[in-house]
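Since every read-out is calculated from the coordinates, none of them should be taken as a lab result. In this text, all values refer to a predicted model and were calculated from it rather than measured experimentally. No Cβ is skipped: glycine too gets one built from the backbone with ideal geometry, and neighbour counts run over all protein chains shown.
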Amino acid sequence: MKASLFAKLGLLLMMSLSINVQSQTVNDKSPLGINVTGINYWSSQWMLIDVMKQASDGQGHLWAPGNSSTWHTGEYDKLDLDDQGWPKSLPKEDDQTVQYRYVTSIVFGDNHHAPTGRYVVLYDGEGTLEYIGPSKVSSLSSPGRDILNLPKDSALMVRITQTDPNNNGNYLRNIRIISPGGICNRDAFHFANRPSDCEATFTPFEYLYQTQTFHPLFLEDIKRFGSLRFLNMFITNGNGEQTWETRSAFNYATWALGTGAPFETAIKMANKVQAEPWFNVPARVNDDYIKEMAKLIKSQLDGNLSFAIELGNEIWNNAYPYSLDATWMEQQGRATWPQAAVTDFEFRLNYFGMRSAQMCQLFKAEFGEQASRVKCMMGGFVANDWVTDRILSCPLYAQTEGGYVCSKDMYGVAIAPYFAGYFHEDKYLPLWQDWLDNEFRKRL
């Protein structure tokens with residue numbers, strides 16, 4: 001669903017107000033915005049330089065506990081993890097209280113799009129790291145730094161089979177898996193596979209990953225857009241977060257778990273390409289979460305950038321996983337207006353409108369004199385304008401607030417349609433091929 005502060009390519013079309021956008025601070029070369037992909041091991045995007053940040057077990061956790069006969073024992077509650085997700089210990093061979101003996105995480109699945117070549121693995125602590133997919137170059141590896149060669153079409157998994165062997169608390173941690181290549185001439189957008197690709201200086205990613213989060217080819221791709229929406233990167237649909245303490249942390253071992261990427265990642269991306277960000281706020285969060293999120297954005301987003309905020313996504317939608325937030329909002333609506341004689345769906349729409357308005361007010365209060373930077377978006381439904389009207393008018397809330405309607409502080413309405421979603425179908429392959437051939441001929 002939705003778009004950015006401009007008409008969104010592949011997302012929603014914007015209703016009204018977008019015509020009034022007066023921005024001299026974003027990428028004015030482009031009237032388009034785009035939804036940014038999620039961070040996960042199956043993505044075709046080369047988003048991150050440190051690809052450990054996209055690792056998971058594929059089931060909402062970082063590590064799959066396993067043994068020689070079982071890939072995944074499901075013993076999450078038996079894992080001994082530190083605050084950043086690193087295993088502090090593993091079971092001994094004679095431990096009969098658990099089945100697992102090691103842990104594994106998937107960095108790339110059988111991904112035809114993964115960068116091939118030489119990876120640098122950096123880590124702290126003592127133990128044994130094993131790799132599935134790439135080959136380890138032992139002659140170039142040393143404690144704390146492994147060199148891997150990843151062939152074409154290969155998976156990449158990392159496995160910890162031993163940690164803290166001396167029982168002194170120095171367990172394996174802070175694993176970073178650095179992509180092949182680097183940049184030319186200290187230009188964050190100029191990718192090079194090797195030094196010979198550069199006319200002047202070449203800086204390997206190993207020396208950059210702490211200050212440059214995103215792959216240059218990814219930056220080069222998204223810099224064309226005037227706005228970036230982080231629906232999928234935040235795993236907005238069905239995100240059950242409620243308190244600020246449970247949000248995704250920037251220093252956690254991975255950004256690919258059920259609560260999505262940390263907000264800091266999106267802010268860094270928007271700052272880097274100077275695009276207006278569109279933040280989706282998890283639908284069930286409390287007021288303190290909203291206030292803290294506003295403080296974070298105010299402190300880290302470049303001051304010349306305005307931004308959009310939207311509560312949840314497609315709350316009107318009864319399909320899974322949208323229904324998780326929808327059902328929760330119905331329950332909250334019934335509890336808020338117990339005497340109202342309306343349907344569950346109307347409870348949902350009224351509560352959603354109310355919380356969207358409250359979110360907007362909290363953000364603007366935090367930004368104070370900079371409140372004009374805050375663009376509050378209300379999620380609507382183009383196929384049924386009654387739904388959108390009900391959300392914007394929020395009659396149950398208005399009755400208790402002296403006629404206040406939830407549209408009052410809204411900057412715009414996001415109305416939901418996607419377009420060109422059918423292009424993945426095989427019957428359109430000849431069309432794509434023709435476009436590509438024509439583009440290739442133009443460049444000859």
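Here is how the numbers come out for the structure above:
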quantity: Whole-number percent relative contact order across the chain, with pairs defined as alpha carbons under 8 Å at least 6 apart; calculated: 17
quantity: Karplus-derived HN-Hα couplings along the stretch 226-234 (A = 6.51, B = -1.76, C = 1.60, θ = phi - 60°), whole Hz, x at Gly and Pro; calculated: x, 8, 10, 10, 10, 3, 6, 5, 8
quantity: Helix-derived mean residue ellipticity, 222 nm - over the chain, DSSP H n ≥ 4, -39500 (n - 2.57), to 500; calculated: -7000 deg cm²/dmol
quantity: Label-point gap, in nm, between D187 and Q399 - each point 7 angstrom along Cα→Cβ; calculated: 6.3
quantity: Theoretical gain in end-to-end length, E220 to S142 [0.36 nm per residue, Cα-Cα removed]; calculated: 24.7 nm
quantity: Percent of beta bridges antiparallel (DSSP, the stretch 99-258, rounded to nearest 5); calculated: 95
quantity: Modelled FRET efficiency - R0 30 Å, D124 with K291, Cβ distances, 0.05 increments; calculated: 0.30
quantity: Gained length - N67 relative to S89, 0.36 nm times residue gap less alpha-carbon distance; calculated: 6.4 nm
quantity: Pairs from K268/K408; K53/K268; K375/K408 whose Cα-Cα separation, in the structure shown, is over 21 Å; calculated: K268/K408
quantity: Listed residues A283, N271, F234: farthest to the positive end of the dipole of the chain (Cβ charges); calculated: N271
quantity: Difference of contour (0.36 nm per residue) and Cα-Cα distance, A200 to Q96; calculated: 31.5 nm
quantity: Förster radius 35 Å - calculated FRET efficiency between D344 and A420, Cβ distance, rounded to 0.05; calculated: 0.55
quantity: A192 long-range amide H proximity, modeled H, under 5 Å; calculated: G182, I183, C184
quantity: FRET E, pair D80, N251, Förster distance 25 Å, beta-carbon r, rounded to 0.05; calculated: 0.85
quantity: Cα centroid separation, the stretch 116-131 to the stretch 188-242 (Å); calculated: 22
quantity: Reachable aspartates and glutamates, given that their alpha-carbon falls under 20 Å from the alpha-carbon of K272 and they are not under 8 places away in the same chain; calculated: D28, D50, D187, E206, E220, D221, E264, D302
quantity: Spin-label model distance (nm) - N304 vs N174, 7 Å beyond Cα toward Cβ; calculated: 3.5
quantity: HN-Hα J in Hz across the stretch 247-258 - Karplus 6.51, -1.76, 1.60, θ = phi - 60°, x for Gly and Pro; calculated: 5, 5, 9, 5, 8, 6, 4, 9, 10, 10, 9, x
quantity: F363, F345 arranged by Cβ crowding within 10 Å, fewest neighbours leading; calculated: F345, F363
